[in-house]
1. Do we find a residue being at pLDDT 85 or above, under 17 Å from B:Glu163 (Cα atoms) and open to solvent by less than 30 Å² (accessible area, probe 1.4 Å) anywhere in segment B:25-42?
2. Could you list all residues from segment A:186-213 that are assigned to a helix (DSSP H, G or I), at the interface with chain B (Cβ under 8 Å from one of its Cβ atoms) and touching a helix residue (DSSP H, G or I) at 6+ places or on another chain (Cβ under 6 Å)?
3. As an exercise: evaluate B:Met1 against (1) of a type outside the set (Lys, Arg); (2) in a helix (DSSP H, G or I); (3) touching a residue at least 24 places away in the same chain (Cβ under 8 Å) and give the number of the one condition it does not meet.
4. Are there any pairs with C-beta distances below 9 angstrom linking a residue in segment B:89-100 that is assigned to a helix (DSSP H, G or I) to a residue that is basic (Lys, Arg), with the two at least 6 apart or on different chains, and if so which?
5. Pick from B:Leu170, B:Leu131: which is within 14 Å of chain A (Cβ to nearest Cβ), in a helix (DSSP H, G or I) and either among the aliphatic types (A, V, I, L, M) or under 16 Å from B:Ser73 (Cβ atoms) (or both)?
6. Take segment B:177-192 and flag every residue that is open to solvent by less than 20 Å² (accessible area, probe 1.4 Å), of a type in the set (A, V, I, L, M) and touching a residue at least 40 places away in the same chain (Cβ under 8 Å).
7. So is B:Phe64 under 24 Å from B:Val137 (Cβ atoms) and either in contact with a Lys or Arg (Cβ under 8 Å, 6 or more places away or on another chain) or free of Cβ contacts under 8 Å to residues at least 40 places away in the same chain (or both) or not?
Amino acid sequence: MNDMDPQTDHSNRTPLWLTLLQFVALAALAFAMWQAWRQVNAGARPAGNGSWMALSQLAMLLGAVILPMLLSRTYRAGGSDYLVLFMMAAAGIAALYIAPTERTMGVIQRIFYMHLPSAASGFVALITSFIASIVYLRRRQPKWDWLAVSSAEVGIVCFTCMLVTGPIWAHPVWGIWWTWDAKLTSTFILWVLYIAYLLLRTLIAEPERRAVVSAVFGIFAFLDVPLVYLSNRLWRTQHPAPVIAGGPNSGLDPLMWYVFLTCLCALLGLMIILVRQRYRLEATRHAVEEMNLEAQLREARSGAR
Amino acid sequence: MTLARAASIIVAKELRAEFRSFELLNTTVVFVLIVVVLFSFTFDPTNPESRRFGPGLLWIALLFAGSLMLQPSFTREQANDTLAALRLSPIEPFAILLGKILANLAFLLLAEVILLPVFAVLYNVRILPVLGQLSFVMLLGTLGLATIGTVFAAISSQARMRELLLPLLLLPALTPVLIASTEATAGLLADSPELSRTWVVFLAGFDLIFLTAAWLFGEYLFEE
């Protein structure tokens, strides 16, 4: 009938081989988690340089996120994607082989090169989402809503990385997986609030209503974060005080600094290309919705005639 | 029409609607009672050590009650499409929200007036010597609960599965209120009662921040 018929349009469908590849990536992720678990059970002070731990981090990131994207035929990888891929590889190698082993904590400390950068990129993503929500309410251009949801979703992924790597580190160092400390509790509440944000979005069908309502919720959720942190801070705290720029005796070994900055850049870059990709997906969804509406309208008109 | 006058008219309307049936108040009071009694089975409430959990338990029960009772303030309007009529009236959209916040605050405070003596008797705590300060803490905490709760009720009333959604949105966001009110109440019910300035200032700040946010962004929830 027409070229926009959803029956004949396959461009939005994920090819089977890509799905399979994603399953392989998931398997790599499971393997990585298993390796991390083994390291922890072994007291996290294995002989050698703890390469399994960092290698599995690398596998986790490369396997689960970037490679399927680069290999996909529906995604045209640009220069920045390869740049981020290169930075991720560099970050993995730096965290694994170049950074010196910490004296008291040992190899497990290397997880810090993943933990703090993912927290930082998560915060950047959520701040982006907060600002995009405000701008959406003022300007009412759908693109700001797309940015808000994309960065909120990627922010949740970053925070999940942080919340997973944190306990893996804490168990051998603190002797417990989790503690109800200010930083931990507030990031956990933040994570739950943004999951609620995504849930709220799935429960409102009308696009404009969804955008407005979830923008208001996003703003309230973000405003809540400093208060959650402050209330916990006034109450009890255990998380290590800031090692970077924390006080006279704090500070990283210069080499550790370089590795940390490499990892930070790599994960920020990864966050940005993920947000961009998610934004494109949201824009495509919007276009598909509009086409469907148009097709329904046309059908209704021809039926009425 | 000024904001205060418009809001007070909305408050009066809400109170009149509620006092015709007492639906919300009855269910809330009974619900909190059940929760408070059920909690007593999970530990020995006569033990002075476990009596320290009392304030936290009271606030948890109130938070749960809030997450259940705040939803009707908007779903009631939806049943007869009366929210559209409110929107058409020549008042600021924030007046609707403010009126509903104040009305919900009144309902919650009324419920607390009934529940606090019962709680004091059941958990054997002395509230009379610190009644004034305790009321102040309860007022600040409940205002925070009513503010966020009403805004989130307006949000969830526009979604599917709204009854399930509201507690999910509300409870994590109320963590600061829970911590601050519980600590302030615990300080007042301790052997040597003391009103913690820190927590009172914190609660007041919380209320102020979210009332301002509701004033800045609440109107968007009433668009058509």
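1. There is at least one residue in segment B:25-42 that is at pLDDT 85 or above, under 17 Å from B:Glu163 (Cα atoms) and open to solvent by less than 30 Å² (accessible area, probe 1.4 Å).
2. Of all residues in segment A:186-213, those assigned to a helix (DSSP H, G or I) come to A:186-202, A:207-213.
Next, only the ones that are at the interface with chain B (Cβ under 8 Å from one of its Cβ atoms) stay: A:189, A:192-193, A:196, A:199-200, A:209, A:212-213.
Answer for segment A:186-213, where residues must be assigned to a helix (DSSP H, G or I), at the interface with chain B (Cβ under 8 Å from one of its Cβ atoms) and touching a helix residue (DSSP H, G or I) at 6+ places or on another chain (Cβ under 6 Å): A:Ile189, A:Val192, A:Leu193, A:Ala196, A:Leu200, A:Val212, A:Val213.
3. Against the list (1) of a type outside the set (Lys, Arg); (2) in a helix (DSSP H, G or I); (3) touching a residue at least 24 places away in the same chain (Cβ under 8 Å), B:Met1 comes up short only on (2).
4. Between residues of segment B:89-100 that are assigned to a helix (DSSP H, G or I) and residues that are basic (Lys, Arg), the close pairs are B:Pro93/B:Arg87; B:Ala95/B:Arg5; B:Ile96/B:Arg87; B:Gly99/B:Lys13.
5. Numbers: B:Leu131 fails: within 14 Å of chain A (Cβ to nearest Cβ).
Going through B:Leu170, B:Leu131 in turn, the sole match is B:Leu170.
6. B:Val177, B:Ala184, B:Leu188
7. Working: under 24 Å from B:Val137 (Cβ atoms): yes; either in contact with a Lys or Arg (Cβ under 8 Å, 6 or more places away or on another chain) or free of Cβ contacts under 8 Å to residues at least 40 places away in the same chain (or both): no.
Here the answer is no, as B:Phe64 does not meet what is asked.
Okay, residues lined up against (1) open to solvent by 30 Å² or more (accessible area, probe 1.4 Å); (2) at pLDDT 80 or above:
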| residue | (1), (2) |
| --- | --- |
| A:Val65 | yes, no |
| A:Ile98 | yes, no |
| A:Thr101 | yes, no |
| A:Thr104 | yes, no |
| A:Phe112 | yes, yes |
| A:Leu126 | no, yes |
| A:Lys143 | yes, yes |
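The values are calculated or read from the model by the stated rules, or taken from the named source; none is laboratory data. Just so you know, these numbers come straight off a predicted model, no measurement behind them. Virtual Cβ from ideal backbone geometry, glycine too; neighbours counted across all protein chains shown. To get the accessible areas, we keep the full protein, side chains included, count just its heavy atoms, and leave off ligands, DNA and RNA. Shrake-Rupley method; radii C 1.70, N 1.55, O 1.52, S 1.80 Å.
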